[in-house]
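Let me begin by presenting the structure, written as structure tokens, before commenting on it.
The values are calculated or read from the model by the stated rules, or taken from the named source; none is laboratory data. Quick caveat: nothing in here was measured; it's all calculated off a predicted structure. When we count neighbours, we look across all protein chains shown, and the Cβ atoms used for this are built from the backbone with ideal geometry, even at glycine.
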Amino acid sequence: MFRGLNFASLQRWLAIAANPQGYATLLRWLPRAANAEAAPLAPATSAGASPSTTASPPQALAPGRDLRLDLFRGIALWLIFLDHIPHNIVNYFTLRNYGFSDATEIFIFISGYTAAFVYGRAMHDRGFIVSSARILRRAWQIYVAHIFLFTIFMAEIAYVAATFSNPLYAEEMNILGFLKQPDVTIFQALLLKFKPVNMDVLPLYIVLLLLFPPVLRVLLWQPAYALVGAAIVYVLALHFDINLPAYPNGVWVFNPFAWQLLFVFGAWCAVGGAQRLSGLLRSRVVFAIAVAYLLFAFAITLTWRFESLQYFVPNWLGDLIYPIDKTNLDVLRFAHFLALAAVTVKFVSRDWPGLKWPILQPAIRCGQHSLEIFCLGVFLAFAGQFIISEWSGGPLVQTAISLLGILIMIATASLTSWYRSMEGRSHQQCTKASPGNLAGGGA
Amino acid sequence: MKFFTTFAAVIALMNGSAIAAEECAVPPSLLSSDTGLPRVSGEIKNKHRLDISVVGTGSSTLPGPDGASFAYPARLTEALRQLLPGDEIKVVVHVQSRQTTADMTAGMKKILSADKPALVIWQAGTFDAVSGIEPDEFSVSLDAGVDKIVAAGADVDLLNMQYSPRTEPLLNVSAYADVMRWVAQQHGTLLFDRLAIMRYWNDEGAFDLYAATKKSDMARRVHDCIGRALASQIVDAARLTP
């Protein structure tokens, strides 16, 4: 709708008028920002992405899709799905068993990266208001998706409440107490305060996107300010224990004031930070430190699995590292993610031939439709857990459900790609100017 | 007629406990520990008596007017008397539903001074998880409570959550179990891993914990098994091999 009004040029004019120096800085900065060939993690665009037509895209941000981001986001989505099914034998193979961080870090980092890439370009081409409007529309889509998942969750709970009773579990059944007040519960869910198990990532994502327009503005102006600002917010949140309240009590499982650091860090990498880090990432010392830290984290996680090994962790070390807090994105988790990323980009370069292997295409496809596949994954995890608990599934059933779930995710991603390509074609027939639907799947 | 009914009930009960003895096997790895119970050993060896306080919430009892007599604290007393004949066993039960760990910590001093126990079995975590108490907050309360018990000179056995597969999608207790494991390790105290043990029973087919029922018989058998496993853990840890 803004396109018809030629709002973008008006915006740009307003922006220049309001802050000529800032805007000039932005324009000067963008071309040198992301020489993607050199960048260890370079930008991605989303499925169905169309180049913007109102201004020539900044060269630095537009060398095409970095399939690594799609690949790792796709894999992260699979891992999140698997981790959400408790007592699943396939879970032994997911990332969280081998170190401090898990798929959530990968997902949030890549989401920050793609959000900055997609909307940064939009902000450059079409101005602050148009890009902000698109970011907020994206947040709204995620909100609707969250409420949809909540509805399914409520149905599952209502089913358990109606069909299950056992005197052994009188205390545990208190968890169904909120069904006595569905009005309050539903209202709290609409406020994103009610936090059912496994439904914590989307509310985090919504808050991160709501706050993203000004952050992106600063990122495009002075990337370092944005990163330092995010780090300060992180430290303050940890120091003063700041988090959003949850219902019926407690706080958010993923503290947005802590996790924003990873999101903004991802965004910072997308607007040139990755390139700045490339020298560091090529260093052998950094690589050695990263590998050593990954091995240390692996050794510690082994002691969680095998209790007899616990005694090898001296008390002073335990005091130092525990608890490794997921809610507040513990520094150890963040560091583990960084080490993992550093090692990964060493082995998987942007032009790694494996990215073309047919066997990796399903994961790439899933990563290209992250919102749809994430929601589907949460739903499939509910369904899978339900089947396992209804039929007391053994390892075979668990494996079958895990594989089937991933297959459904792949099929849905392919179907979504097909829809997008159809829509893209018909859209191009209607108008040559694209609204830049890339926000949809990419961010 | 009444005689026959009673007779049938007694047979059924005996039969039940015979089955229970077989179905309750717990692999030694889930019960063995390097942690000792010095105070318990001392009491038994020197005074031939053992005073235990059980502190806990809803999952330390069973519903109904006679629920408590079938719950694990009562079954533990019975099992200990069998394992330690000739010693005086006294178990005082402080079980109250809907208490958070912070509530129990607040009341701990009173219990300790009234009972003067050699061992406190502390069941915690479930109601904290149900009422959404943050694991961090739970950790702080539990830690403070264990400090109080240790300061009073008693041994501690922390008893964690039940394995409850049907409520698991709604109630994730693993973070609370991690806290309990860590607090136990930090203080060098004993942990009775009810979660892992019940899960083992379920996986091995000893109990079908998914089953919906309004009857109490399975719940009673589970509590009987927990009581006996707990007794054998205490006797082992205190090096009181009968």
Item checked: Sole exception among (1) modelled with pLDDT under 85; (2) more than 23 Å from the chain's Cα centre (by Cα) for A:K195, by number -> (2)
Checklist line | So A:D325, is it over 25 Å from A:L280 (Cβ atoms), free of Cβ contacts under 8 Å to residues at least 60 places away in the same chain and in a helix (DSSP H, G or I) | finding: no
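Restricting attention to the stretch B:130-170, report how many residues are within 10 Å of chain A (Cβ to nearest Cβ), touching a residue at least 12 places away in the same chain (Cβ under 8 Å) and of a type in the set (S, T, Y).
Step one: filter the stretch B:130-170 for residues within 10 Å of chain A (Cβ to nearest Cβ), giving B:130-137, B:139, B:161-170.
Those still in the list that are touching a residue at least 12 places away in the same chain (Cβ under 8 Å) too: B:130-131, B:133, B:135, B:137, B:139, B:161-166.
Restricting the remaining residues to those that are of a type in the set (S, T, Y) gives B:131, B:139, B:163-164.
The total comes to 4.
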Note to self: Could you check the stretch A:243-265 and list, in sequence order, the residues that are out of contact with any Leu (no Cβ under 7 Å at 6 or more places or on another chain), of a type outside the set (S, T, N, Q) and within 14 Å of another protein chain (Cβ to nearest Cβ)?
What the structure shows: A:L244, A:P245, A:A246, A:Y247, A:P248, A:G250, A:V253
Check: Would the stretch B:112-127 turn up any residue that is within 22 Å of B:D51 (Cα to Cα), touching a strand residue (DSSP E or B) at 6+ places or on another chain (Cβ under 8 Å) and within 14 Å of another protein chain (Cβ to nearest Cβ)?
Finding: yes
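Matching residues to (1) crowded, with 20+ Cβ neighbours inside 10 Å; (2) away from chain A (no Cβ under 13 Å); (3) modelled with pLDDT of 95 or more:
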{"residue": "B:G64", "(1), (2), (3)": "no, no, no"}
{"residue": "B:L76", "(1), (2), (3)": "yes, yes, yes"}
{"residue": "B:P85", "(1), (2), (3)": "no, yes, no"}
{"residue": "B:E88", "(1), (2), (3)": "no, yes, yes"}
Notebook entry, point to check: Checking B:V179 against (1) in contact with a helix residue (DSSP H, G or I) (Cβ under 8 Å, 6 or more places away or on another chain); (2) away from chain A (no Cβ under 12 Å); (3) not acidic (D, E), which single condition isn't satisfied?
Noted result: (2)
Check: Here are B:A114, B:A144, B:A129: which of them is within 30 Å of A:V378 (Cβ to Cβ) and more than 17 Å from the chain's Cα centre (by Cα)?
Finding: B:A129
Notebook entry, point to check: Which one of these does A:T151 not meet: (1) more than 30 Å from A:V291 (Cα to Cα); (2) touching a helix residue (DSSP H, G or I) at 6+ places or on another chain (Cβ under 6 Å); (3) not aromatic (F, W, Y)?
Noted result: (2)
Check: If we keep just the residues of the stretch A:366-392 that are facing chain B (nearest Cβ under 10 Å), free of Cβ contacts under 8 Å to residues at least 40 places away in the same chain and surrounded by fewer than 20 Cβ atoms within 10 Å (Cβ to Cβ), which is nearest to A:N91 (Cα to Cα)?
Finding: A:S392
Next item on the list: Scan B:A124, B:A79 and give me the residue that is aliphatic (A, V, I, L, M) and touching a Ser or Thr at 6+ places or on another chain (Cβ under 7 Å).
Entry: B:A124
Item checked: Test set (1) hydrophobic (A, V, I, L, M, F, W, C); (2) modelled with pLDDT under 90; (3) surrounded by 16 or more Cβ atoms within 10 Å (Cβ to Cβ) - A:A363 fails condition number -> (2)
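Within the stretch A:352-359, is there a residue that is more than 19 Å from A:L95 (Cα to Cα), loosely packed, with under 14 Cβ neighbours inside 10 Å and of a type in the set (D, E, K, R)?
Taking every residue of the stretch A:352-359 in turn, at least one turns out to be more than 19 Å from A:L95 (Cα to Cα), loosely packed, with under 14 Cβ neighbours inside 10 Å and of a type in the set (D, E, K, R).
Take the conditions farther than 21 Å from A:F337 by Cα, of a type outside the set (V, I, T), more than 14 Å from chain B (Cβ to nearest Cβ) and touching a helix residue (DSSP H, G or I) at 6+ places or on another chain (Cβ under 9 Å) and apply them to A:L219. Does it pass?
Working: farther than 21 Å from A:F337 by Cα: yes; of a type outside the set (V, I, T): yes; more than 14 Å from chain B (Cβ to nearest Cβ): yes; touching a helix residue (DSSP H, G or I) at 6+ places or on another chain (Cβ under 9 Å): yes.
Judged against the criteria, A:L219 is a match.
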